[in-house]
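Undergrad: Would you mind keeping the following structure in view while I ask a few things?
No lab work stands behind these numbers, since they all come straight from the coordinates. Keep in mind the model is a prediction, meaning the values are calculated, not measured. Note that each Cβ is placed from the backbone with ideal geometry, even for glycine, and that neighbours are counted across all protein chains shown.
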Amino acid sequence: MRNLIILSTATSALMLACGASHPAPTQQMADAQAAARSASELGAGAEPRAQLHLKLAEEQMAQAKSAMEKDDNESAERLLLRAKSDAELAVALMHEHDAKETASKADQQSDSQRSTNASQGATP
C-alpha cells in the first residue's frame, strides 16, 4: 500500500511537471528588441534588404507579444528567436552595406591619386 501511495505521488508530480506552463520568454523579447534597436540605429530603414528583415523582426515581436498574452509562450519563444535572427541579419546587412561604401570610396581615392600621380609624371 505504501509503495502504491509513493508511486501515485511520483506519477502526479511527473504529470504536473510535464503539464507545467512554459515560462514567458522575457529575456528572448529583450534580446530581439535590442537587436532590432541596433539595426535601426545603424540605419536599416535606408537599405532595402536590411529594412525588410527589420520589418520582419518587428512583426514577429508583435506576434510574440500577442502569443504571450494568450499564454502561448512556446510559440512566442519561437517567434522571438526568429525575430532576433532577422534583426541580427539586418545588422549584418548594414555592416556589409557600410563596408561596400567604404571600399567604393577607397577605390575612388585610389583612382584620384593615380590620376594626380600620372599628371605629375610619376609612373606606376
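Undergrad: Starting from the Cα of Ser115, step 7 Å along the direction of its Cβ; do the same at Ala92; then give the gap between the two resulting points in nm.
TA: So the label points at Ser115 and Ala92 sit 3.8 nm apart.
Undergrad: Using only the Cα atoms, what convex hull volume per residue in Å³ does segment 53-96 have?
TA: Cα convex hull per residue, to the nearest whole number: 36 Å³.
Undergrad: What does the charge dipole of segment 53-96 about its Cα centre add up to, to the nearest 20 debye, if the Cβ of each Lys and Arg holds +1 and the Cβ of each Asp and Glu holds -1?
TA: 60 debye
Undergrad: R0 = 25 Å: FRET efficiency of Asp107 with Ala34, Cβ-based, nearest 0.05?
TA: 0.15
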